[in-house]
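**Q** My questions all concern the structure below.
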Amino acid sequence: MNPTHFLSLPSVARLTRAAAAAIAAGALTGLLSLLAAEAAAASESRPLRVICFGAHPDDCEIQAGGVAAMWAAQGHQVKLVSVTNGDIGHWREAGGPLALRRKAEVEAAAKVLGVTAQVLDLHDGELLPTLENRRTITRLIRDWKADIVMGHRPNDYHPDHRYTGVLVQDAAYMVTVPFWCPDTPPLTRNPVFLYFPDSFRKPNPFTADIVVNIEPVIERKLDALSLLVSQFQEGGANGGPHLVSNNPAQQAERTRQVRESFRNRQKNLAQRFRTEAAQWYPAEKAATLQYLEAFEICEYGRRPDQAELKRLFPFF
Ligand SMILES: [Zn+2]
């Protein structure tokens, strides 16, 4: 009997193609999980790579300067990106010269913290969540081969903060998609995405999922922030001539005031997140911690468990 009575040649061919496809799909799935496992293993044996996105040349330094210095001190790689160039962030000056001044300020601060600084040449106050900007953020995350990505929450007071948050969120899955920005190799392992803290309550308040004691580097962080003279000693966009003096003693006093105001800011964060700190530090220690930085885990990137968080934040 001709077997093709049971199974015609065209159907054999179809089955063979289907089997080949199934085998290929199985092999591809196996290969992908092998690659992901290899990427995970490789990422655990190399220094961590962290990239932070702030809207302006000072946001990353304020929000994550402490933990950045702590990672850097352990040999991990940290990049602080300002998504705009800060060119309207002063009461007296604006444009290209201010952008250059602020770039020099964050580069000097980065040296103190032991990290890399980058300022994108986008106008301050004009950031929009465009496709072009989404591509830029995607490429930066991929090029840095980031394990951790940080940014603002998308409900923040400043439009540049909001759209930086949206852009980073929009990249949170797309960094793994090969045909999105195919000019830059995709990440085989989705990074953990984290939000900076803020005090806005609508539509939902910040949750301190990770709390880090930055006391070992607090003076270093304050040193770095005191180099951002245009923003703090001179008051940035809402400052004024009353903050500027040619008298060295008055300048020194102003720098001291700025330093103490940031010291108090960190102390206030410690008060605010003391309960959450007790999940990371022994109760007696948590009760006395003075200087904390806190972060919320974004729902869109990789969701780390407690063990992975302790590997990503090797400070506890
Ligand atoms: Zn800002």
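The values are calculated or read from the model by the stated rules, or taken from the named source; none is laboratory data. Quick caveat, the model's predicted, so the values are computed rather than measured. Counting neighbours? That spans all protein chains shown, and the Cβs are built from the backbone with ideal geometry, glycine included.
**Q** Return the total of residues in the stretch 138-153 being away from the ligand (no atom under 16 Å from the Cβ) and either more than 19 Å from Q118 (Cα to Cα) or in a helix (DSSP H, G or I) (or both). Walk me through how you get there before you give the answer.
**A** Here is the first cut: in the stretch 138-153, the ones away from the ligand (no atom under 16 Å from the Cβ) are 138-149.
So of that shortlist, the ones also either more than 19 Å from Q118 (Cα to Cα) or in a helix (DSSP H, G or I) (or both) come out as 138-144.
Here the count works out to 7.
**Q** Something else about it: Which condition breaks for S245 when tested against (1) in a loop (DSSP other than H, G, I, E, B); (2) within 16 Å of the ligand (Cβ to nearest atom); (3) surrounded by fewer than 22 Cβ atoms within 10 Å (Cβ to Cβ); (4) more than 16 Å from the chain's Cα centre (by Cα)?
**A** Against the list (1) in a loop (DSSP other than H, G, I, E, B); (2) within 16 Å of the ligand (Cβ to nearest atom); (3) surrounded by fewer than 22 Cβ atoms within 10 Å (Cβ to Cβ); (4) more than 16 Å from the chain's Cα centre (by Cα), S245 comes up short only on (2).
**Q** So how many residues does the stretch 236-256 have that are touching a residue at least 60 places away in the same chain (Cβ under 8 Å) and within 21 Å of E219 (Cα to Cα)?
**A** 0
**Q** Give me the pairs, please: first residue somewhere in the stretch 154-170 and more than 11 Å from the ligand (Cβ to nearest atom) and modelled with pLDDT under 95, second residue anywhere and assigned to a helix (DSSP H, G or I) and of a type outside the set (A, V, I, L, M, F, W, C), beta-carbon distance under 9 Å, and either six or more positions apart or on two chains.
**A** From the stretch 154-170, the pairs are N155/R162; N155/G165.
**Q** Would you confirm, using the coordinates I've provided, whether D183 is of a type outside the set (A, V, I, L, M) and outside any loop (DSSP other than H, G, I, E, B)?
**A** Considered against the rule, which asks whether it is of a type outside the set (A, V, I, L, M) and outside any loop (DSSP other than H, G, I, E, B), D183 comes out as no.
**Q** R256: assigned to a helix (DSSP H, G or I), among the basic types (K, R) and surrounded by 13 or more Cβ atoms within 10 Å (Cβ to Cβ), yes or no?
**A** Against the criterion (assigned to a helix (DSSP H, G or I), among the basic types (K, R) and surrounded by 13 or more Cβ atoms within 10 Å (Cβ to Cβ)), R256 does not qualify.
**Q** For the structure I just gave you, tell me whether L187 is modelled with pLDDT of 95 or more, of a type in the set (A, V, I, L, M), more than 16 Å from the ligand (Cβ to nearest atom) and more than 19 Å from the chain's Cα centre (by Cα).
**A** Details: modelled with pLDDT of 95 or more: yes; of a type in the set (A, V, I, L, M): yes; more than 16 Å from the ligand (Cβ to nearest atom): yes; more than 19 Å from the chain's Cα centre (by Cα): no.
The answer is no for L187.
**Q** While we're here: For the stretch 59-68, what are the residues that are surrounded by fewer than 24 Cβ atoms within 10 Å (Cβ to Cβ) and either modelled with pLDDT under 95 or more than 18 Å from P154 (Cα to Cα) (or both)?
**A** If the condition is that a residue be surrounded by fewer than 24 Cβ atoms within 10 Å (Cβ to Cβ) and either modelled with pLDDT under 95 or more than 18 Å from P154 (Cα to Cα) (or both), then no residue fits.
**Q** What residue, of F316, F232, F262, is assigned to a helix (DSSP H, G or I) and either surrounded by 14 or more Cβ atoms within 10 Å (Cβ to Cβ) or at pLDDT below 95 (or both)?
**A** Values: F316 fails: assigned to a helix (DSSP H, G or I); F232 fails: assigned to a helix (DSSP H, G or I).
Step by step, each of F316, F232, F262 is checked, and only F262 is assigned to a helix (DSSP H, G or I) and either surrounded by 14 or more Cβ atoms within 10 Å (Cβ to Cβ) or at pLDDT below 95 (or both).
**Q** Quick check: anything in the stretch 109-116 within 23 Å of A172 (Cα to Cα) and not aromatic (F, W, Y)? Please lay out each step first, then the result.
**A** So the first thing to find is which residues in the stretch 109-116 are within 23 Å of A172 (Cα to Cα), and the list is 115-116.
Add one more test, that the residue is not aromatic (F, W, Y), and what stays is 115-116.
Yes - at least one qualifying residue is present in the stretch 109-116.
**Q** Sticking with this structure for a sec: Checking G86 against (1) in a strand (DSSP E or B); (2) within 16 Å of the ligand (Cβ to nearest atom); (3) buried (at least 24 other Cβ atoms within 10 Å of the Cβ), which test does it fail?
**A** (1)
**Q** Does D143 satisfy the criteria of being more than 13 Å from the chain's Cα centre (by Cα), more than 27 Å from A294 (Cβ to Cβ), surrounded by fewer than 19 Cβ atoms within 10 Å (Cβ to Cβ) and of a type in the set (D, E, K, R)? Don't jump to the end; show me each part of the working.
**A** Values: more than 13 Å from the chain's Cα centre (by Cα): yes; more than 27 Å from A294 (Cβ to Cβ): yes; surrounded by fewer than 19 Cβ atoms within 10 Å (Cβ to Cβ): yes; of a type in the set (D, E, K, R): yes.
Yes, satisfied.
Residue by residue, here is whether (1) in contact with a Phe, Trp or Tyr (Cβ under 7 Å, 6 or more places away or on another chain); (2) closer than 22 Å to C60 by Cβ holds:
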site	(1), (2)
Q257	no, no
E260	no, yes
R265	no, yes
A270	yes, yes
K285	no, no
E296	yes, yes
P304	no, yes
A307	no, no
F313	no, yes
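**Q** Search the stretch 119-128 for residues being part of a loop (DSSP other than H, G, I, E, B) and within 16 Å of the ligand (Cβ to nearest atom), and hand back the single one that is nearest to R46 (Cα to Cα). Quick ask: steps written out before the conclusion?
**A** Of the stretch 119-128, the ones part of a loop (DSSP other than H, G, I, E, B) are 120-128.
This time we only want the ones that are within 16 Å of the ligand (Cβ to nearest atom), so: 120, 122-128.
Values: L120: 28, L122: 33, H123: 36, D124: 36, G125: 38, E126: 38, L127: 34, L128: 35 Å.
Only one residue tops the list, namely L120.
**Q** Would it be correct to say that R303 is within 30 Å of P186 (Cβ to Cβ) and in a helix (DSSP H, G or I)?
**A** Numbers: within 30 Å of P186 (Cβ to Cβ): yes; in a helix (DSSP H, G or I): no.
No, not satisfied.
**Q** Take the residues in the stretch 48-64 that are more than 9 Å from the ligand (Cβ to nearest atom) and not β-branched (V, I, T), then tell me which one is farthest from the chain's Cα centre (by Cα). Write out each step before concluding.
**A** Taking the stretch 48-64 as the starting set, the residues that turn out to be more than 9 Å from the ligand (Cβ to nearest atom) are 48-53, 60-61, 63-64.
Then drop every residue that is not not β-branched (V, I, T), which leaves 48-49, 52-53, 60-61, 63-64.
Working: L48: 13, R49: 10, C52: 3, F53: 5, C60: 8, E61: 11, Q63: 10, A64: 8 Å.
Top of the filtered list is L48.
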